[in-house]
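Where a number appears in this text, it was derived from the coordinates with a stated rule and is not lab data. Note that the coordinates shown come from a computational prediction; the quantities given were computed from them, not determined experimentally. Neighbour counts run over all protein chains shown; Cβ positions are idealised from the backbone, glycine included.
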Amino acid sequence: MESDENILVSKLIKKDGDAFKMLFDTHKDKIYNTVLGFVQNAGDAEDITQEVFIEIFESVKGFRGGSKLSTWIYRISVTKSLDYLRAKKRKKRFAIFTSLFGEKQELIHDPPDFKHPGIKMENTELAAFLFKAMDLLPQNQKIAFTLNKIENLSYTEICEVMNISLSSVESLMHRAKSNLKKTLGEYYKS
């Protein structure tokens, strides 16, 4: 007997609109929150979430079923988020060479500090610093930490999403926590 997931994938491959709507309704919040944890901007997270669904729609025929559909979707979400951040960093670097000032001669600067919508008002300053500290982590540590602490994925699920061993995930989490502890310790000292 075919599983519900296999039936859904079969329908998605056939470009079934109802199946795609069901997939969208089931996964939109998870994808948005995952992306938001990386890009830290609500508008950008919405755009990337749309890109993720477009990618799913266009490439579902390549889904081999070696992992759960949700794991495959997380992989796409993380990849799209990291691609966006790399492109943003390249643009920022290139903008420095072209000009330090915008069209109206105003100084170009980063947008205001990110405020995650799930953070209580009294914790926004600490949360903003935590997200800044997370941005300082090496990429794999940031991915593992975000998936575990923000998306509440288990270490086993992170193994599947990142396509690495359990011991690698444990090591990444240990190093991420260690690095964050150092960075946050400096914050509390000042």
Interchain or long-range residues, amide H under 5 Å from Leu153's placed H: Asn148
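Would you please put 73-85, 164-176 in order of how densely packed they are, using the mean number of other Cβ atoms within 10 angstrom per residue and starting with the highest?
Packing order, densest peptide first, comes out as 73-85, 164-176.
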Whole-Hz ³J(HN,Hα) from phi, Karplus 6.51 cos²θ - 1.76 cosθ + 1.60, for the stretch 153-169, glycine and proline x: 7, 6, 4, 5, 5, 5, 3, 5, 5, 8, 6, 9, 7, 4, 5, 5, 4
Loop-located chymotrypsin sites (Phe, Trp or Tyr not before Pro) in the stretch 129-190, at most 16 other Cβ atoms within 10 Å (DSSP): none
Cross-link table Lys88/Lys142; Lys149/Lys182; Lys11/Lys149; Lys89/Lys177; Lys11/Lys89; Lys21/Lys142, entries beyond 28 Å C-alpha to C-alpha: Lys11/Lys149; Lys11/Lys89; Lys21/Lys142
Amide H within-cut-off set for Lys68, under 5 Å, with H built and near neighbours excluded: none
